[in-house]
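No lab work stands behind these numbers, since they all come straight from the coordinates. Here the structure is a predicted model, which is why all the values come from computation and not from measurement. As a convention, Cβ positions derive from the backbone with ideal geometry for all residues, glycine included, and neighbour counts pool all protein chains shown.
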Amino acid sequence: MGIISETYNDSGIVILTIERPKALNAINREVMQGFNHFFFEGYKKYEKLTGVIITGSGRKAFVAGADIKEFSNHNREEATKLSTYGHNTYFLIERFHVPVIAAVNGFALGGGCELAMACHMRIAGEHARFGQPEVNLGVIPGYGGTQRLVQLIGKGKAIELLLTADMIDAKEAHRLGLANHVVPSGMEVQMAESILKKIGTKGPIAVAKVIETVNAHFDSQIHAFEKEQVEFGKSIDSEDGREGAAAFIEKRRPVFKGK
Ligand code: DAK
């Protein structure tokens, strides 16, 4: 088994599980490379792909951070390079054309909370704990934490969590909008699967375009409202767009082809 195990089911859902339970699934170089490979090209081996779930092995942790033992001896140049690689990897996840859901089955700290935030949604088990404890180590988040936490929960609360390194429980994460749902421990993946199955019945082009257009809101290079107009036009002018309207008028279920 690799450092990230991969399972695929007939609903077109891939489950990626980080297999480092003894290190609470801390993200080392190999794990980051595994994600980079999957979201860059590894996924292409699946003909039908409707969604991806990321989770951690064991019951204690989703990911307890970047591997502290590995990054502790990096110099400035190496650390910056590693951060850039991590950012690029997390952008691949955030910009992926089908939804990616984090099934947060325990601690999601530092680079683990950042990984969960790069996913499109987060399902928290009741025992999950979220936090950005980097300042405890005298460093700042290096995988997008200062940006995505602000995007998800707003500046005031984000700054508090980033500066105090406080851990919050699943209920609080849900209240703040960091977790989409809280479920009984052990049910995280199942809940993520049921959301992905529902999305899997929708038009694939529309799904991809929703992700792309929502992401555009956070890209200062893009006029996101204009982008929505253009992408709306393209979606109407797709086979799926025509099929969706035709199916409604003919009172039948649409058959989408992703074209
Ligand atoms: N890295 C490496 N090993 C870790 C780890 C981590 N982040 N978290 C836990 N482990 C290991 C522990 O060392 C221990 O290993 P052994 O001693 O048994 O060999 C094993 O997992 C079990 O952990 P504990 O014995 O500590 O378990 P407890 O239940 O007592 O405590 C805990 C659970 C999650 C509260 C505790 O393990 C903990 O505080 N973990 C560290 C949390 C943390 O500070 N995470 C790092 C956040 S900072 C960078 C980019 C990004 C970052 C840094 C650099 N560059 C681009 C260079 C991001 C940094 C972070 O993520």
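Quick notes on this structure:
- Each Lys or Arg adds one and each Asp or Glu takes one away; over the other residues whose Cβ falls under 12 Å from the Cβ of Val230, this sums to -2.
- Projecting the Cα atoms of Thr164, Leu152, Asn73 onto the dipole axis of the stretch 50-183, where Lys and Arg carry +1 and Asp and Glu carry -1 at the beta carbon, places Leu152 farthest toward the positive end.
- Among 146-154, 219-227, 4-12, the order from most to least packed when residues are scored by Cβ within 10 Å on average: 146-154, 4-12, 219-227
- Legend: distances between Cα atoms for Lys60/Lys171; Lys45/Lys197; Lys81/Lys259; Lys69/Lys155; Lys45/Lys155; Lys44/Lys198; pairs beyond 28 Å are Lys81/Lys259; Lys69/Lys155; Lys45/Lys155.
- Three-way shape label, the stretch 59-108, alpha-carbon gyration tensor, a/c 1.5: oblate
- Ala26 long-range amide H proximity, modeled H, under 5 Å: Ala64
- Each Lys and Arg Cβ is given +1 and each Asp and Glu Cβ -1; about its Cα centre, the stretch 1-72 then shows a dipole of about 220 debye.
- Rg/Rh (Cα only; Kirkwood hydrodynamic radius) as it applies to the stretch 2-69: 0.99
- For the stretch 1-156, diffusion coefficient by Stokes-Einstein and Kirkwood Rh (Cα), 20 °C, 1.002 mPa s, µm²/s: 138 µm²/s
- At R0 = 25 Å, FRET efficiency that the Cβ-Cβ distance of Arg252 and Glu47 yields, to 0.05: 0.50
- Seen through its C-alpha gyration tensor, with square-root eigenvalues sorted a ≥ b ≥ c, the stretch 120-242 comes out oblate because a/c lies at 1.5 or above while a/b is not bigger than b/c.
- Placing +1 on the Cβ of every Lys and Arg and -1 on the Cβ of every Asp and Glu, with nothing else charged, gives the chain a dipole about its Cα centre of roughly 480 debye.
- Computed about the Cα centre, the dipole magnitude for the stretch 155-259 is approximately 480 debye when only Lys and Arg (+1) and Asp and Glu (-1) carry charge, each at its Cβ.
- Net charge, Gly12 excluded, C-beta distance under 15 Å - Lys, Arg +1, Asp, Glu -1: +3
- For the chain, DSSP calls about 25 percent of its internal beta bridges antiparallel.
- Net +/- balance of residues flanking Ile249 in space, Cβ distance below 12 Å, scoring K and R +1, D and E -1: +1
- Global geometry of the stretch 106-154, whether rounded, prolate or oblate, following the gyration tensor of its Cα atoms and the 1.5 cut on a/c: oblate
- For the chain, modelled as a GNM whose springs connect Cα atoms under 10 angstrom apart, the maximal fluctuation among Phe232, Phe39, Phe248 occurs at Phe248.
- Computed over the chain, the per-residue total of -39500 (n - 2.57) for DSSP H runs of n ≥ 4 gives a 222 nm mean residue ellipticity of -13500 deg cm²/dmol, rounded to 500.
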